[in-house]
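Engineer: There's a structure below that I have some questions on.
The values are calculated or read from the model by the stated rules, or taken from the named source; none is laboratory data. Just so you know, these numbers come straight off a predicted model, no measurement behind them. Glycine gets a Cβ as well: all are built from the backbone with ideal geometry, and neighbour counts include every protein chain shown. Accessible surface areas use protein heavy atoms only, side chains included; no ligands, DNA or RNA. Shrake-Rupley method; radii C 1.70, N 1.55, O 1.52, S 1.80 Å.
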Amino acid sequence: MKMIRKIKYLLPIAFILVASCSKQLDINVDPNNPQNLSESKLLPRIERYLGYSLSIGGQTVDGDQQVGGLSEILSVYTHQLTTREDPDQYGATGGSYYLQGSWNGLYKDVLMNLKIIIDKGTEAGNLKYVGIAKILKAFTYSQLVDVFGDVPFSEASQLEDQVYNAKFDKGSEIYPQLFTLIDEGISDLSNTEALNLSEPDADDVIYKGNVDNWIKAANTLKLKLYTQIRLVQDVSSDVNKLLTEGNLISSASESFVIPFGPNASTDDRNSGYGDYFASQRGHYISPWFYEILKGYNPNINTGIEDPRLPYYIYNQRGADQATESNAQTEYREGGFITIYFGSVGQYRDQTQQNNMSLLGIYPVGGKYDDGKGGNASANSGTGAAPYRLITYADRLYLEAELMNTGVISGDARAKFEEAVDESFKQVDYIITGFVKPTQTVPELYSNPATADYIDAILAKYDAGNTAKKLEYIMTQKWLSSYGGSVDQYTDYRRTGYPIFFDPRDPSMAPGGRVQPPVDGDPFNPNKPSVPVQLNRNYPQSLPWYQTELETNASAPSQKTDPSTYKVFWRP
Amino acid sequence: MTSSGDGIPLPGVSIIVTGTTQGTTTDGSGNYSLLVPAEATSLTFRYIGYVSQEIKIAGKSIFNVSLVEDAAQLNEVVVTAMGIQRNSKEVGYAITQVNPKDVLQISEPDMLKGLQGKAAGVDIRTSQGTPGAATRIQIRGNSSFYGNNEPLIVVDGIPFNNDQVTTSSQTSGGSAYGSGISNLDPNDIESMNILKGSAAAALYGSRASNGAVIITTKSGNAKRSSRGQEITFRSSVSMENIANLPKYQNSYGAGSQFNYSNSNGSWGPAFRDLDSIPAWPDYKAAYPELFPSDNIAYVAHPDNVKDLFNTGMVYENSLTFNGGNEKTAFSLTASQLNHNGYVPNSAFDRTNISVGGSTKLDNGLNIRANVAYTSSKQKGGFFGENQVDGTASQFARSLFLSRDWDLNLPYQDKEGNNLTPLGAGQFDNPLWSAYNNTATTNETRLVASTHLDYKINEWWQLDLNGGTNVSFLNRREVYEISSRAAQGLGSLTLDERRHSEIEATFLSTFTPKISDDFTLKGIVGFNYNQRTVNREGQTGNRFIERGTYNLINTEQSIFDNDYYSRRRLMGLFGDVTLGYKDYAFLTVTGRNDWSSTLPYESRSYFYPSISGSFVFTDAFNIKNDILDFGNIRLGYAKVGRDTDPYNLFRIFEITPNFLGIPGGRISPTSFDPNLKPEFSNEFEVGTRLSFLQSRIEVDFTYYNKNSTDLLAGIQMPPSTGFDELFTNFGKINNRGTEIELIVRPIVNTDFNWEVRGAFTQNKNIVKELKEGTTRIPLAGVLTGISPYLEAGMPYGYLRGTRSMRDDDGNLLINPNTGGLIEDPNEGYIGNPNPKYKLGITNRLSYKGFTLVALFDMTKGGDMYSVTNSSLLGRGVTMDSEDRETNMVIKGVYGDATTGQPILDANGNKIPNQTRLTVNDLYFSPNATLGQTFGINTASEWNIYDATVYRLREVSIGYTFPKSWISKTPMGSLTLSITGRNLWYIAPNFPKYSHFDPEVGSYGSTNVQGIELSAAPTTKRFGFNLTATF
């Protein structure tokens, strides 16, 4: 029993242990992550991810996040690029990596975080942030509707309110709410009574907190959306009101663009630049696009060479350089090397890593083509080209279209000329203002060839009837949009212009074959024609992201044939 | 009396004149003498832990008997949860004791791999064939969706953290990371008990819901050896070679459709048809002097793959000192392991020192304490899917080199840039990669534990056990300038992790004597556990100058993580065992946990277990020549489990700056603030039978385990704004049988033959997910293939792309290409869980010789294999050598858009007649509309049944007779030679790939059945020596 007495001293120790239990267990507050982030910390990342989700290419950013943009697919659908991947022959599926990147990016990185700004900012009275957030939200949803048709809207971003399965709202019901949202955004921005203890500044990477520019962007967005629905709704008075008020994007510097930067202390490059350092390059330039730039297309711009070529396309081979290992190419003209849309040719799948032509300095911040060739590398360019949401030139094209189609009155030709003029100025503006190349790049607009080109185009325009004139407007807009293809996809489905390559059209591919420039390859003359095919009709929208359908109990089943699934603005 | 095998004298063996009570026991040197009545015909020798032997007297007067150790150890003391020792027959659940000798000196430096085929119910899966790569151990399946499904490993009462620290994704460019257990010195292991079920592990609670492995070390349990003091020296040296080198064709070189091009595939012209090809451009540019002509000979390089690999070596040396007197004992083990793999510049080195002592104080207090120090270094390259951009798998092309590539040319240019025949950054030269792209992991681990026990009186004992296990990991992952990874500019990733665990357990054991028939043992205990993790990671991109691998030498620096977490778990538990007449036993336990990781309202939770054992042979006095022991076990247990720290609150994340502006986002995981613990309910029934005086012993167990309210993140539709919601949901079931069988056809003094079998079968089915959720990915692997969780389906089944079929199951063929059409909807393509596993060990001993051969097999289990799809698709093995012919895929013509068969004028389906070249058959002519069977096809065609039969271990040993070494200071000397993985066959893989499916790309994680160009397995021969002094 002597021992028991000794043991009793242990009992209080055990008791203290138990008694301090509760305190011991209250250690579960996460010390690694903040429980709050202010609007100014959320906004820059939202704007950045909006850019990623729409642009060409994809990459891993922030250590482990995979982003990918809609233009990766849509640049093929709008015949600016070609590929060996599934967007070829309009084959993108709901499981596509780029749909994953863009759908996730838009709903999670953009819309969810916008919701937090709107909720938090409204409560705190930081209405400038709220206004910007509403405009960005409206823009984002309009792009989703334009590309997919019906999408989750009214019940989206509400997991924290236990809404796990957001229903898919009709595009036609979403659009009117977007106009309201834009108006709310404008009024929040102009609200002078708001507390606005915190105001956007450099953290707003788009406009650096410039409220006037945001309002102009919002109004121009409305102009764009009205134009897009003009076939199903009379928008004349709305458009006229906007134009009368005149508070629209009115210069290149007011353009609504998401800037990207170089690979400096962080990697801020446009994802479309990725092919410069990719170990397996995959973005070919569409021969259709190239031939229109060259003036080879018998239907449009015939005989007029576009001086933007060296800004648009970088050729890794000089015109008189052999390909690496003398590899055969499917399409070569001088230094320009690519593959066809819908190709089943024998050289389609040849490795062209250091032969193929790449996106140039203007679309992705790549290399200006000085004609000397040279293998692309991570250091060829800066990659700092912005993603253009709505530029001043775009606004002018919208007006030209509205005039041409009689929605509003005005001198369509003058507007068209202004638009093309602005498109050329825009190239210089993007290069000097954003890309900031290390190589010497001549100014485009002051090049006499530019004025000649515009004159020649206008002469053709003048010779056409109203429909042909519209084709000229839309074709120039398409050429100008190169680098981002979401709105081009919408414009094409609305207007039918520009005319795209169709392997099933006997005038474009007689006998299912297309002929590359016969002696375009100095090393392998007498280039054989290339068999092409197309097994699908033109998709009127993209398939929904498959994971959304599989995880969302309220989701419709996947579109079996996207060529029959029209967005509401298309009668 | 000696012990068979090591020849050590056995004191205390009982020798009884058969059929009487007359007998004696051996003395400390194993000697005995006994007066035998004239009518006696035989003597029976019995010793706990050994097989009893009966020997006919037959007029002899001297019996030098050696007893054989009884693996099943029917009456042996086993170590159960919380280190509580019990007699095995009173235990109502399955326990397997592993003899540490079985995992030593078998040319296998990885202790877990050494367990393969030896314990029923234990599933061991390996990963990469390079040194130090993780091994996964799993008992009775996965009972959690995403959590750690490995058992709790407890060493000397302190949990041994077995995490695999993953720095980079193993899908794209991670290394062959090891797991913590590789830092445990097998030479220091004294005993290992595997507690398989929840009933066994119920006292450990939360952390042992997947079973527990209880290890006691020599240093942690220092005892005086039977010889007073002893020094044991063990030394082994083994040679290893790549086990599965495919059989290559050497008739065709690079190109496609019999035309030469400088490409990956060996589908070019026959070597007999073409003399020369243009010199490889990068080589010619780098070494113009080596290529005086523009052309080089077009010839096969039959050994170009084989020459990429070395003969690896494993050296292992250890010394154990043991000594003391009646009151105090001391033990020291020091070991050194050096393993250089068959892949150049891959290695795993480990140094261990463990010291322990025990003493009995005059006041009756027993004290034991030990410290173990380990330092290890693992070095190796990178793996993963070779097509992912921005990464560089060392095995991207290693096994599929074009047959005309000469990799004996320099692997780098004069500046040190990576050189390959193909150029253009498609892959890194494997040899260049071995020396320039390296992942080096240094880990230091310290384990310290103390144990005090004190007997207050005859029926009351107190135990206090406490200690810590701390590990420091430091890793550097380097991609040198010119690698295809890191944009060709080089990168360095640094990962520093410190993990520390503190554990203390207090036990109060009551063993009152209540009556002659009944025994009672009661235990009340308290357990305290704290785990702390600190981790910092940083990546530097763009080396300023090549060859210096630190962050200072990089242009861009990014913080990957900076993380701290701490969790605490406390448990109060009780355990009561009631025994009746030494043949019926009932154990009831209960434990209440308090966890810091759960919300206040639910952080306290209780769970009970009940189990019983009934020795019916004793109860009904069945003791005959046929059946000599038999019991029935029944057990039921419920075990609760908490979650990881910080899973309760809405958080935001800071992400790297954009254009110099700081920013962040809401965390893509939303946490349910009302989490509850998850529970497993398990029922098990078993029996252990011994026949013909232990000539045949069998142990059979069936179990059925349901785990509910699992804590996991459930994937949410992206439109909710989140990736996942972390909450309680779902149910998962594991059912299976475990059989251990021992047959001893021959038992006698000189010659013994023992056969042991271990059979493991488990069915792991997901029963429920959250309502409205059909399936969730277990992990995102690659587009077209990922493991999934889905109600009614096996855990982690493989889901991916398939080819379109008509309603009758005919493949639909695209008439334009003659190829298969990819179905836009993904579906089930494989189940990575094996149907069963079987291991059979034969042990023959004759005098000093022993021969051990372990044969094992895994039946079923599917594997997605990039190695095989690449071997076929690149046309390099003899499987595709016969190619000067055309093939037609069996199927009917179909319409890619509608997914329906094309019908002829009479409405009949049209059989496919479109011919394909053999080249097209393995390399899809079109990635969506003309798929075939190798590269660029639906994932279903790259799935194989991974059934494999294997001769895993062979060893021949000789223990020198005492008389030979009596003049030396040696007490015993054993030499052996071992062979490992000498033969295997995996019949369902392409014949000439000679593929060994015992690889995986995800180490010890839950993702299994996916192989993305993994490093093949090894074959080893070794020579071993054990001497005691």
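Engineer: Give the residue that is farthest from the other protein chains (Cβ to nearest Cβ), with candidates limited to residues of the range B:611-623 that are touching a helix residue (DSSP H, G or I) at 6+ places or on another chain (Cβ under 9 Å) and without any contact (Cβ under 8 Å) to a residue 40 or more places away in the chain.
Structural biologist: B:622
Engineer: Looking for something under 27 Å from residue A:281 (Cα atoms) and surrounded by fewer than 24 Cβ atoms within 10 Å (Cβ to Cβ) - is there at least one such residue anywhere in the range B:445-458?
Structural biologist: First, pick out the residues of the range B:445-458 that are under 27 Å from residue A:281 (Cα atoms): none.
Checked the range B:445-458: no residue is under 27 Å from residue A:281 (Cα atoms) and surrounded by fewer than 24 Cβ atoms within 10 Å (Cβ to Cβ).
Engineer: Right, here's the next one. Counting only residues that are open to solvent by 50 Å² or more (accessible area, probe 1.4 Å) and assigned to a helix (DSSP H, G or I), which one in the range B:260-281 is nearest to the other protein chains (Cβ to nearest Cβ)?
Structural biologist: Across the range B:260-281, the extreme among qualifying residues is B:273.
Engineer: Can you pull out the residues in the range B:373-401 that are within 13 Å of chain A (Cβ to nearest Cβ) and touching a residue at least 40 places away in the same chain (Cβ under 8 Å)?
Structural biologist: Result: B:385, B:386, B:388, B:390, B:391, B:392, B:393, B:396, B:397.
Engineer: Inside the range A:165-191, can you point out the residues that are open to solvent by less than 60 Å² (accessible area, probe 1.4 Å), more than 20 Å from residue A:136 (Cβ to Cβ) and in contact with a strand residue (DSSP E or B) (Cβ under 8 Å, 6 or more places away or on another chain)?
Structural biologist: Result: A:168, single match.
Engineer: I would also like to ask the following. If residue B:657 meets every condition in (1) in a strand (DSSP E or B); (2) within 14 Å of chain A (Cβ to nearest Cβ); (3) closer than 27 Å to residue A:152 by Cβ apart from one, which number is that one?
Structural biologist: All conditions pass for residue B:657, except number (3).
Engineer: Within the range A:30-70, can you find the residues that are in a loop (DSSP other than H, G, I, E, B), more than 7 Å from chain B (Cβ to nearest Cβ) and open to solvent by 10 Å² or more (accessible area, probe 1.4 Å)?
Structural biologist: Pass one, the range A:30-70, residues in a loop (DSSP other than H, G, I, E, B): A:30-38, A:55-57, A:62-64, A:69-70.
Within this subset, residues satisfying the condition of being more than 7 Å from chain B (Cβ to nearest Cβ) are A:38, A:55-57, A:64, A:69-70.
Correct list: A:38, A:64.
Engineer: Among the residues of the range A:192-208, are any open to solvent by 50 Å² or more (accessible area, probe 1.4 Å), farther than 30 Å from residue A:231 by Cα and assigned to a helix (DSSP H, G or I)?
Structural biologist: no
Engineer: For the range B:713-742, which residues satisfy the criterion of being among the hydrophobic types (A, V, I, L, M, F, W, C) and either open to solvent by 10 Å² or more (accessible area, probe 1.4 Å) or under 22 Å from residue B:667 (Cβ atoms) (or both)?
Structural biologist: B:714, B:716, B:722, B:725, B:726, B:729, B:739, B:741, B:742, listed by residue number.
Engineer: Sticking with this one: Identify, please: which residue in the range A:511-560 is over 24 Å from the mean Cα position of the chain (by Cα) and of a type in the set (Ser, Thr, Tyr) and is, among those, farthest from the other protein chains (Cβ to nearest Cβ)?
Structural biologist: A:529
Engineer: Is it true that residue A:111 is facing another protein chain (nearest Cβ under 9 Å), touching a Ser or Thr at 6+ places or on another chain (Cβ under 6 Å) and not β-branched (Val, Ile, Thr)?
Structural biologist: yes
Engineer: Identify, from the list B:414, B:360, the residue that is touching a Lys or Arg at 6+ places or on another chain (Cβ under 7 Å) and open to solvent by 50 Å² or more (accessible area, probe 1.4 Å).
Structural biologist: B:360
Engineer: Same structure, new question: Within the range B:556-571, track down each residue that is more than 32 Å from the chain's Cα centre (by Cα) and free of Cβ contacts under 8 Å to residues at least 60 places away in the same chain.
Structural biologist: B:556, B:557
Engineer: Considering each of B:583, B:607, B:600, B:636 in turn, give the residue that is more than 10 Å from chain A (Cβ to nearest Cβ), within 24 Å of residue B:726 (Cβ to Cβ) and aromatic (Phe, Trp, Tyr).
Structural biologist: After ruling out the rest, the residue left standing is B:607.
Engineer: Which residue pairs have Cβ atoms closer than 7 Å, lie 6 or more positions apart in sequence or on different chains, and pair a first residue in the range B:662-685 that is more than 14 Å from chain A (Cβ to nearest Cβ) with a second residue that is of a type in the set (A, V, I, L, M, F, W, C) and open to solvent by 40 Å² or more (accessible area, probe 1.4 Å)?
Structural biologist: B:685/B:634
Engineer: Among the residues in the range A:514-530, are any touching a Gly at 6+ places or on another chain (Cβ under 7 Å) and charged (D, E, K, R)?
Structural biologist: Yes, some residue in the range A:514-530 is touching a Gly at 6+ places or on another chain (Cβ under 7 Å) and charged (D, E, K, R).
Engineer: For the range A:220-268, name all the residues that are surrounded by fewer than 20 Cβ atoms within 10 Å (Cβ to Cβ) and of a type in the set (S, T, N, Q).
Structural biologist: Of everything in the range A:220-268, those that are surrounded by fewer than 20 Cβ atoms within 10 Å (Cβ to Cβ) and of a type in the set (S, T, N, Q) turn out to be A:233, A:236, A:237, A:240, A:244, A:247, A:250, A:251, A:253, A:265.
Engineer: Kindly indicate which of B:434, B:439, B:504 is more than 14 Å from chain A (Cβ to nearest Cβ), under 32 Å from the mean Cα position of the chain (by Cα) and in a strand (DSSP E or B).
Structural biologist: Working: B:434 fails: in a strand (DSSP E or B); B:504 fails: more than 14 Å from chain A (Cβ to nearest Cβ).
Selected residue: B:439, the only one of B:434, B:439, B:504 that is more than 14 Å from chain A (Cβ to nearest Cβ), under 32 Å from the mean Cα position of the chain (by Cα) and in a strand (DSSP E or B).
Engineer: State yes or no: is residue B:872 over 19 Å from the mean Cα position of the chain (by Cα), among the aliphatic types (A, V, I, L, M) and under 20 Å from residue B:1011 (Cβ atoms)?
Structural biologist: In short, yes.
Engineer: I've got another one for you. Hydrophobic (A, V, I, L, M, F, W, C), under 30 Å from residue B:180 (Cα atoms) and surrounded by fewer than 22 Cβ atoms within 10 Å (Cβ to Cβ): is that true of residue B:502 in this structure?
Structural biologist: In short, yes.
Engineer: Only residues that are surrounded by fewer than 24 Cβ atoms within 10 Å (Cβ to Cβ) and closer than 22 Å to residue B:728 by Cβ: list them for the range B:779-793, please.
Structural biologist: Once the filter is applied, which keeps residues that are surrounded by fewer than 24 Cβ atoms within 10 Å (Cβ to Cβ) and closer than 22 Å to residue B:728 by Cβ, the range B:779-793 yields B:779, B:788, B:790, B:791, B:792, B:793.
Engineer: For the range A:109-124, which residues satisfy the criterion of being crowded, with 24+ Cβ neighbours inside 10 Å and not aliphatic (A, V, I, L, M)?
Structural biologist: The answer is A:109, A:113, A:121.
Engineer: If a residue has to be more than 14 Å from chain A (Cβ to nearest Cβ) and open to solvent by less than 30 Å² (accessible area, probe 1.4 Å) to count, how many in the range B:586-597 make the cut?
Structural biologist: Step one: of the range B:586-597, the residues more than 14 Å from chain A (Cβ to nearest Cβ) are B:586-591.
Going one step further and asking which of them are open to solvent by less than 30 Å² (accessible area, probe 1.4 Å), we end up with B:587, B:589-591.
The total comes to 4.
Engineer: Strands (runs of 3 or more DSSP E) wholly in the range B:751-865 with at least 3 residues that are within 14 Å of another protein chain (Cβ to nearest Cβ) - which ones? Steps first, please.
Structural biologist: Values: elements: B:751-768, B:775-777, B:785-790, B:797-800, B:827-830, B:836-846, B:849-859, B:862-865.
Counting at least 3 such residues, we get B:775-777, B:785-790.
Engineer: Follow-up. Go through the range B:504-524 residue by residue and tally those that are more than 15 Å from residue B:457 (Cα to Cα) and in contact with a Lys or Arg (Cβ under 9 Å, 6 or more places away or on another chain).
Structural biologist: Of the residues in that region, 5 qualify.
Engineer: Applying the selection to the range A:10-29, what residues are open to solvent by less than 50 Å² (accessible area, probe 1.4 Å), at pLDDT 85 or above and not in a helix (DSSP H, G or I)?
Structural biologist: A:27, A:28
Engineer: Could I ask something else about it? Quick check: is even one residue across the range B:468-491 more than 26 Å from the chain's Cα centre (by Cα), hydroxyl-bearing (Ser, Thr, Tyr) and open to solvent by less than 20 Å² (accessible area, probe 1.4 Å)?
Structural biologist: Checked against the condition, which is being more than 26 Å from the chain's Cα centre (by Cα), hydroxyl-bearing (Ser, Thr, Tyr) and open to solvent by less than 20 Å² (accessible area, probe 1.4 Å), the range B:468-491 yields at least one hit.
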